[in-house]
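Worksheet: the structure to be examined is printed underneath.
The values are calculated or read from the model by the stated rules, or taken from the named source; none is laboratory data. A quick note: this is a predicted structure, and the numbers were derived from the prediction, not measured. All Cβ positions, even for glycine, are placed from backbone atoms using ideal geometry, and neighbour counts span all protein chains on display. Heavy atoms of the whole protein, side chains included, go into the accessibility calculation; ligands, DNA and RNA do not. Shrake-Rupley method; radii C 1.70, N 1.55, O 1.52, S 1.80 Å.
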Amino acid sequence: MSSFRKQFEEIFSSLGLEKYISDDNVERFEALYTMLNETNKVMNLTALTEERDVIIGHFADSLAGTDLLPQGARVIDVGCGGGFPTLPLAIVRPDVFITALDSTAKKLVFVSDVAKKLGLNVETLAMRAEDAAKMPEYREGFDICISRAVARLNILDEICIPFVKKGGTFIAMKGALSDEEYAEAKKGISLLGGSLTENKKSTLADFGERALLVIGKTSNTPEKYPRAYAKIKKSPL
């Protein structure tokens, strides 16, 4: 048994993620770890490099919202960076199709390469989110929008909620300040057609408090949103 497999099985078991332990999954996660570390030598994808840190801080953390994805869902990961949560989600949920969106094209080359090598249902989109959300093929075209460690919620809501179809869900992956962030974003979320359904809190081993802010799309987003990013940042809703 490889060092990676031993740690993966121990960590996922300790975090209550036993259902994701299978030969195929472990092989794919180990391949992802190897490709991540190799690419990270020439491109800054992550500050986490040790096996334990990556398994907990990227792999396990990325799976926090997995059970919120409907069967066969169309998902967009806004600001996916080096592929988190896109790649771990795609490994354990082959039934969903994920669009990995990021404004840094070179990071998406890595995401696309991994997806092809591992046979994952992932496409990449190199655009600014506020521009993509204005395009007919993406606006309100997704069952789920998910975003991890991108911006404060009062900025992220205007970038992400326009992607979600009515009846769909925006999942903001946050840390210890989730209550504070929601309080300052509550008005904007409502204006954009959203409503908080759950603030699901947990603790992730050495990485501290985590929260999933689950926002249901109750009505269509007004056409004027999202605004240009400079306006969003200067004057959040």
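Is it the case that Val114 is farther than 21 Å from Ile91 by Cβ and open to solvent by less than 10 Å² (accessible area, probe 1.4 Å)?
Details: farther than 21 Å from Ile91 by Cβ: no; open to solvent by less than 10 Å² (accessible area, probe 1.4 Å): yes.
In short, no.
Could you list, in sequence order, all residues of the stretch 92-109 that are in a helix (DSSP H, G or I) and open to solvent by less than 10 Å² (accessible area, probe 1.4 Å)?
Start the filter on the stretch 92-109 by keeping residues that are in a helix (DSSP H, G or I), which leaves 92, 105-109.
Scanning the stretch 92-109 gives a single hit, Leu108.
Name the residues in the stretch 66-91 that are assigned to a strand (DSSP E or B) and surrounded by fewer than 20 Cβ atoms within 10 Å (Cβ to Cβ), would you?
Just the residues of the stretch 66-91 that are assigned to a strand (DSSP E or B), to begin with: 74-78.
Listed by number, the list holds a single entry, Arg74.
Please name all residue pairs, on different chains or six or more residues apart, with Cβ atoms under 8 Å, provided the first residue is in the stretch 56-79 and is farther than 22 Å from Ile11 by Cβ and the second residue is of a type in the set (Phe, Trp, Tyr) and in a loop (DSSP other than H, G, I, E, B).
Close Cβ pairs satisfying both conditions: Ile76/Tyr138.
So is Ile155 open to solvent by less than 20 Å² (accessible area, probe 1.4 Å), modelled with pLDDT of 95 or more and among the β-branched types (Val, Ile, Thr) or not? Lay out the reasoning, then the answer.
On the way: open to solvent by less than 20 Å² (accessible area, probe 1.4 Å): no; modelled with pLDDT of 95 or more: yes; among the β-branched types (Val, Ile, Thr): yes.
No: the conditions fail for Ile155.
Residues being touching a strand residue (DSSP E or B) at 6+ places or on another chain (Cβ under 6 Å), part of a loop (DSSP other than H, G, I, E, B) and basic (Lys, Arg): count how many of those fall in the stretch 206-237.
Selection size over the stretch 206-237: 0.
Is it fair to say Ala60 is part of a helix (DSSP H, G or I) and surrounded by 15 or more Cβ atoms within 10 Å (Cβ to Cβ)?
On the way: part of a helix (DSSP H, G or I): yes; surrounded by 15 or more Cβ atoms within 10 Å (Cβ to Cβ): yes.
Yes.
Which of the numbered conditions does Asp206 fail, given that it passes all the others? Conditions: (1) out of contact with any helix residue (DSSP H, G or I) (no Cβ under 8 Å at 6 or more places or on another chain); (2) surrounded by fewer than 12 Cβ atoms within 10 Å (Cβ to Cβ); (3) over 21 Å from Ala132 (Cβ atoms).
If we test Asp206 against (1) out of contact with any helix residue (DSSP H, G or I) (no Cβ under 8 Å at 6 or more places or on another chain); (2) surrounded by fewer than 12 Cβ atoms within 10 Å (Cβ to Cβ); (3) over 21 Å from Ala132 (Cβ atoms), just (1) comes out false.
Taking Val164 as meeting all but one of (1) surrounded by fewer than 21 Cβ atoms within 10 Å (Cβ to Cβ); (2) at negative phi, write down the number of the exception.
The number of the failed condition is (1).
For the stretch 96-109, give me each residue that is over 23 Å from Ile215 (Cβ atoms), of a type outside the set (Val, Ile, Thr) and without any contact (Cβ under 8 Å) to a residue 60 or more places away in the chain.
Of the stretch 96-109, the ones over 23 Å from Ile215 (Cβ atoms) are 104-109.
Next, from what is left, pick out any that are of a type outside the set (Val, Ile, Thr): 105-108.
Selection gives Ala105, Leu108.
Residues being touching a residue at least 40 places away in the same chain (Cβ under 8 Å), open to solvent by less than 30 Å² (accessible area, probe 1.4 Å) and part of a helix (DSSP H, G or I): count how many of those fall in the stretch 41-55.
Of the residues in that region, 1 qualify.
Taking the stretch 10-35 only, how many residues are more than 16 Å from Leu120 (Cα to Cα), touching a residue at least 60 places away in the same chain (Cβ under 8 Å) and crowded, with 16+ Cβ neighbours inside 10 Å?
So the answer is 2.
Hey, among the residues in the stretch 133-152 that are open to solvent by less than 60 Å² (accessible area, probe 1.4 Å) and out of contact with any strand residue (DSSP E or B) (no Cβ under 6 Å at 6 or more places or on another chain), which one's farthest from Gln71 (Cα to Cα)?
Only one residue fits best here, namely Ala151.
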